[in-house]
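Written out below as structure tokens is the structure these notes cover.
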2 protein chains.
Amino acid sequence: TLAAPAIAQSNPKVTWRLASSFPKSLSDTIFGGALTLSKYVSEVTDGNFQIQVFAAGEIVPALQVADAVTAGTIEAAHTVCYYFWGKDPTWALGSAVPFSLNARGINAWHYQGGGIDLFNEFLGTQGIVGFPSGNTGVQMGGWFRKEINTVADLQGLKFRVGGFAGKVLERLGVVPQQLAGGDIYPALEKGTIDAAEFVGPFDDEKLGFVKVAPFYYYPGWWEGGPTVHSLFNKAKFEELPKQYQSVLKVACQAADANMLSAYDWLNTAALKRLVAAGAQLRPFSPEIMSASFDAANQTYAEIEAGNATFKKTWESIKAFRKDYYLNMQVAEYNYDTFMMVQQRGGKL
Amino acid sequence: TLAAPAIAQSNPKVTWRLASSFPKSLSDTIFGGALTLSKYVSEVTDGNFQIQVFAAGEIVPALQVADAVTAGTIEAAHTVCYYFWGKDPTWALGSAVPFSLNARGINAWHYQGGGIDLFNEFLGTQGIVGFPSGNTGVQMGGWFRKEINTVADLQGLKFRVGGFAGKVLERLGVVPQQLAGGDIYPALEKGTIDAAEFVGPFDDEKLGFVKVAPFYYYPGWWEGGPTVHSLFNKAKFEELPKQYQSVLKVACQAADANMLSAYDWLNTAALKRLVAAGAQLRPFSPEIMSASFDAANQTYAEIEAGNATFKKTWESIKAFRKDYYLNMQVAEYNYDTFMMVQQRGGKL
């Protein structure tokens, strides 16, 4: 038989379906990350590798996208892996867990510290290959109807908060609530819940929380730098030509950086608008922060005792975390502090 | 004539030459950024678009790479644009100027705030198209033979420091020195110069400064988040198929993120080694920081009075800088501060 000419082997036609865990309303930020990925992949393959992006619920419910990738009913998902912590808490480590690394730190761990490979050891057991492809930066702690100052104020507090953080907050008396995005506002308005966290200024603004729960707390210590992942069915990924595997990796890394820059740009303006609309910015008190840190560490100790994969992965992150937050105290922190003092002084 | 089949239009064979401004000794970091770009471009085009990377001086001297791209003697360069501030200070704005944005901030401006387009308006006048493709994070302030505490201590100080920062420091009495990398160590050892700045812990460690000038000052306020650029000859870039133009853009954005993660990973370990080797970490005093900030603002005012392109670009950065450092004071700064306090307390 005649060998195909070399040129015909490049850029074969491939069409994949990607299910996002996010709604189209977030197309400038977290949902938009999948659109960016799809655009990059198409452009660098001259339109030959198409990834069709579907919003949450269009073809797969938001929280079932990983299962659908495992099953191979879709080739790809765009999601935050902590959604699946209930299946195995190791899922959460690839995205964010309380008091973990910030965005630059988790990127250093993923891309330079072997994090991508280590997390893929776990994802491989689920029939998945995954790459970081977005980050929100440190999220906000959420919108509260009343001020909270002490751990006593957390007792019985009905707080709409994600899974792993909820598990930690339960130790402090919080009653975590699971509500879909659209149900949060009416629940806050009626007082069915006392507080709700979502993402950060730009995304939160769309849901109008400022009108019914004006105390806007920070930081979201359970999401110091959450990585958004693109997940691919492992068998389908491995069937791709090496070129297309590289296309996905490079496009994911570019989309990862792009999302963080989008949040940094958009949150900057949104925070000012929210304050003008009546948001009352409040830091979590040192008492609450310290109690939360201790509760998180107790949770980790319990999980590590019974889950070797979690332990191996978390210990890898922790080993870097310790030194990362030392190095960041020097040039980065002092530069930022000086600039923030100038900002406060009206000198910028 | 017969139309060529569509498939033959994808991935044509292209070979370009890229001259770096950096030496091979920095192949893990800033020189390595060009290798990363070349690798990404090759992989996503199935090996058909090759960028040959040459270290500083191999085919073009370090500080002449932009001129060589303008002339078209090479297609590409990998450099820091502030090297060319002497031709026009607008060059420096695309990379870093004193008291500008940190890495995340300048990325937000470049990728979301129209910075890439605005800077390319200027680069276009030089026959160049450029994209961000690396960042070092906040650099260190450099190695000093003696402690400096006041502005008076800067009088007559012979400091090896880059161009634009040198212009600002001259106002405070510093005598800026221009020395190639390999000449710095002997000059510091003999006392021909009093101090020298280079990059940050990992890159600086290779040059051994800790042995002859142990006071390691921070932050490098003249480089809060310097962008490393890939510059392309504009006519050659525009002759590329749209696919390859996209390949360069996407690969540059991925390489940009990759370099910052490399610095964050490598500096973390290097700082500890340097302290163990005798480095004495010292913050610049508030007096020196404030005087430097004022001197920088005087410099900007002078340049803006006579350079409309500089003014337009700097005003765009400054408008974002003011609000960026407000937003960053909330979730990001408080999260980092809490984590650093835990680090200091031995709790990480």
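The values are calculated or read from the model by the stated rules, or taken from the named source; none is laboratory data. Only a predicted model underlies this, so the values are computations on that prediction, with no experimental measurement involved. Here the Cβ is made from the backbone with ideal geometry for all residues, glycine too, and neighbour counts use every protein chain on show.
For first residues located in region B:238-257 and within 8 Å of chain A (Cβ to nearest Cβ), partners that are surrounded by fewer than 22 Cβ atoms within 10 Å (Cβ to Cβ) and among the charged types (D, E, K, R) and lie 6+ apart or on another chain with Cβ distances below 6 Å form the pairs B:Gln243/A:Asp46; B:Ser246/A:Glu43.
If you filter region A:154-190 down to residues that are touching a residue at least 40 places away in the same chain (Cβ under 8 Å) and charged (D, E, K, R), you find that the one that is surrounded by the most Cβ atoms within 10 Å (Cβ to Cβ) is A:Lys167. Here B:Ser25, B:Ser42 are screened, and the one residue that is within 14 Å of another protein chain (Cβ to nearest Cβ), of a type outside the set (D, E, K, R), farther than 18 Å from B:Gly130 by Cα and surrounded by fewer than 23 Cβ atoms within 10 Å (Cβ to Cβ) is B:Ser42. Counting only strands (runs of 3 or more DSSP E) wholly contained in region A:9-84, the ones carrying 2 or more residues that are aromatic (Phe, Trp, Tyr) occupy A:49-54.
Quick check on B:Phe338: is it within 8 Å of chain A (Cβ to nearest Cβ), in contact with a Phe, Trp or Tyr (Cβ under 6 Å, 6 or more places away or on another chain) and not in a loop (DSSP other than H, G, I, E, B)?
Details: within 8 Å of chain A (Cβ to nearest Cβ): yes; in contact with a Phe, Trp or Tyr (Cβ under 6 Å, 6 or more places away or on another chain): no; not in a loop (DSSP other than H, G, I, E, B): yes.
Answer is no for this residue.
In region A:68-90, the residues that are of a type in the set (Asp, Glu) form no Cβ pair under 7 Å with any partner that is surrounded by fewer than 23 Cβ atoms within 10 Å (Cβ to Cβ) and at pLDDT below 95, whether six or more places apart or across chains. Of the numbered criteria (1) free of Cβ contacts under 8 Å to residues at least 12 places away in the same chain; (2) more than 11 Å from every other protein chain (Cβ to nearest Cβ); (3) not acidic (Asp, Glu), the one A:Gln298 fails is (1).
Every condition in (1) touching a residue at least 24 places away in the same chain (Cβ under 8 Å); (2) away from chain A (no Cβ under 11 Å); (3) within 23 Å of the chain's Cα centre (by Cα) is met by B:Leu274 except one, and the failing one is (2).
Yes/no per residue for (1) at pLDDT below 95; (2) more than 14 Å from chain A (Cβ to nearest Cβ); (3) over 14 Å from the mean Cα position of the chain (by Cα):
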residue	(1), (2), (3)
B:Ile59	no, yes, yes
B:Ala68	no, yes, yes
B:Thr73	no, yes, yes
B:Cys81	no, yes, no
B:Ser100	no, no, no
B:Gly115	no, no, yes
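Looking across region B:205-243 at every residue that is among the aromatic types (Phe, Trp, Tyr) and surrounded by fewer than 22 Cβ atoms within 10 Å (Cβ to Cβ), the one that is farthest from B:Ile288 (Cα to Cα) is identified as B:Phe237. Does region A:308-321 contain at least one residue that is within 12 Å of chain B (Cβ to nearest Cβ), surrounded by fewer than 22 Cβ atoms within 10 Å (Cβ to Cβ) and either without any contact (Cβ under 8 Å) to a residue 12 or more places away in the chain or hydroxyl-bearing (Ser, Thr, Tyr) (or both)? Yes, because at least one residue in region A:308-321 is within 12 Å of chain B (Cβ to nearest Cβ), surrounded by fewer than 22 Cβ atoms within 10 Å (Cβ to Cβ) and either without any contact (Cβ under 8 Å) to a residue 12 or more places away in the chain or hydroxyl-bearing (Ser, Thr, Tyr) (or both). Here B:Ala108 meets the list (1) assigned to a strand (DSSP E or B); (2) within 14 Å of chain A (Cβ to nearest Cβ) almost entirely, failing just condition (1). Annotation note: of A:Gly156, A:Gly163, the sole residue that is at positive phi and in contact with a strand residue (DSSP E or B) (Cβ under 9 Å, 6 or more places away or on another chain) is A:Gly156.
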